[in-house]
Each structure stands twice: as structure tokens, then as C-alpha cells.
């Protein structure tokens, strides 16, 4: 699986399907803008009067509603990439029915799996480091060199935590990347068990992660900058163009995510869908 060629094919596909992109964005971008304004208008202190953590409720509502919009958009865009025009029979449109609900549920399960893998790996890394430090301390104690340990307890804990994150994040990303191949086929009403996704991606796990990072990191950075600017300028008129830029960048991030996942899925299936010329470019790079 050529990493760079697949990543570049994702950008080319989006660029040459501008009409579908505009049609999908006509609902998705306003939906993100409306959600942003609705969440901003919620008063966390008033919610706290009902005996709940207002800030937590506000954050969870924002995350869930964004996930609903993203799931509807991802399903629509997966269909653009994975199906020919005659198979789609309509322009991409945002809807939320049984297909989108299945996609959202599996996406949530994958996210939970990512967090679980991250926490387990981090816990194992922490335990391994404490055992190693204990062994080193005992050795130094036996050698009469225990006073040479100059790192404070707080510094030790921070170093252990950062090393654990350094190990846990790639492991969790590797597992989630391989299992994420279950998602694109849900959009075209097929099933791919997690076991099959794991088997199909054997030997290509890190390529999946690397290809996704090449596509997503630039858009993630752009979306973060726009969102931060919109939040910082909320009390001024500059907030509105920044909020629009944040919604558009988030929309493009989701579209590119759907594109590269679909291209990976089609590649492993040996099919082309609407991405025929893009797979030709990928095959030529092999």
C-alpha cells in the first residue's frame, strides 16, 4: 500500500469532485455554524441549577451533535467515493436514518476501543517504568550509590507519564487505524466484521496510520487555528468570519477523512467505485 500516493489521491479526488463537495457543504457547513451558536448560547451556570455539571453537559452535547453531523456527512461522502454515479442515483445529501445510525454506533465503538487501547498501553508502560526504576534503585542501593538519584518525585512522575503517552498513542492509533476499515462499507450497506478488517489490513497497519496523518494533520491544524481564533474573537465582529472558516475547515477535514478511508477500503477490496483514475495513480506508484 503506497502511503504518499494514496494520500495525494485523496486530495485529487476532493479537488475533482467540487460539485459534490459544494452540494454536501451546503447543509454541513450551516449545520456546524448553527451548532456552534447554539452551544455558545447555553449557560453552563443555569444548567448547574438542575443539579448537573453544566460545563460537562455542554461539552458532551456539543461532541455528540458534532458526531451526528459528521456521521451523516461521512456516510454521504463515502458513497461518493465508493459508488459510481449510476449506483448512487443522487447527489450527496445529509440525512440521518438507519444507515447513519449504524455508522455512528460503530464509530463510537471504535472511539471507545481507541481510548481503551490507549489507557491499557499507557498503564502497562507506567508499570514497566516503575519496575525498571525500582530495579535501578535497588542496584544503586546495593552499590551504595542511592544518593546519586537527583530527580525529584514530581519530575519522575511527569517523565513516566510522557513516556507512557509516547508509547500508547501510536499503539492505539495502529489498532484503530486497522479496525477503521469497517466504517466505509457501512455507508454502502455492506458488512465487514472487525476480524475481517484486521485480517485485510495485515502488514499495512502503519501505512494506514501514516497515510491518514499526511492527509489529516494539515487540516486538523487549520481547523484548530480557525476554531481557536473564533473562540478568542467571540465578543467581536471578527468572530463571524472566523466561525465560518472553522466550519468550512471542519467540513473539509471530515470529507478528507472519508476520502482516504474509502480509498483504503476500495484498495483492499480490489475495487474502484468512483475513484477509478485515483486508484490508477496509486497502482502506478507501487
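Brief remarks follow.
- Stretchable slack from residue 166 to residue 53, in nm (0.36 nm times residue separation minus alpha-carbon distance): 37.5 nm
- If the segment from residue 43 to residue 19 were pulled out straight at 0.36 nm per residue, it would be longer than the present Cα-Cα gap by 4.7 nm.
- In this simple spin-label model, placing a label point 7 Å from the Cα along the Cα-to-Cβ direction at both residue 33 and residue 189 gives a separation of 3.4 nm.
- Paramagnetic label zone (point 7 Å from Cα along Cα-to-C-beta, residue 141; backbone N under 20 Å) in the range 156-175: 156-157
- Principal-axis tilt of helix 205-232 within the chain, Cα atoms, nearest 10 degrees: 90 degrees
- Peptides 17-24, 137-144 ordered by packing proxy, namely the average of other Cβ atoms within 10 Å per residue, highest first: 17-24, 137-144.
- Extension gain (nm, one decimal) between residue 95 and residue 202, 0.36 nm per residue minus Cα-Cα: 35.1 nm
- Between residue 229 and residue 133, the FRET efficiency from the beta-carbon distance, with R0 = 35 Å, is close to 0.25.
- For the chain, the longest principal axis of the C-alpha atoms and the axis of helix 153-179 are separated by about 30°.
- Judged by the gyration tensor of its Cα atoms, with axes a ≥ b ≥ c, the range 120-264 is oblate; a/c meets the 1.5 cut and b/c is at least as large as a/b.
- Coarse-grained scattering of the chain at q = 0.10, 0.13 Å⁻¹, given as base-10 log I(q)/I(0) from a Debye sum over alpha-carbon atoms: -0.66, -0.98
- Percent RCO, i.e. relative contact order, over the range 3-285, from Cα pairs under 8 Å lying at least 6 residues apart: 32 percent
- Mean-position separation - Cα centroids, the range 174-217 and the range 1-80, in angstrom: 21 Å
Coordinate-derived values only; no laboratory data. Just so you know, these numbers come straight off a predicted model, no measurement behind them. Note that each Cβ is placed from the backbone with ideal geometry, even for glycine, and that neighbours are counted across all protein chains shown.
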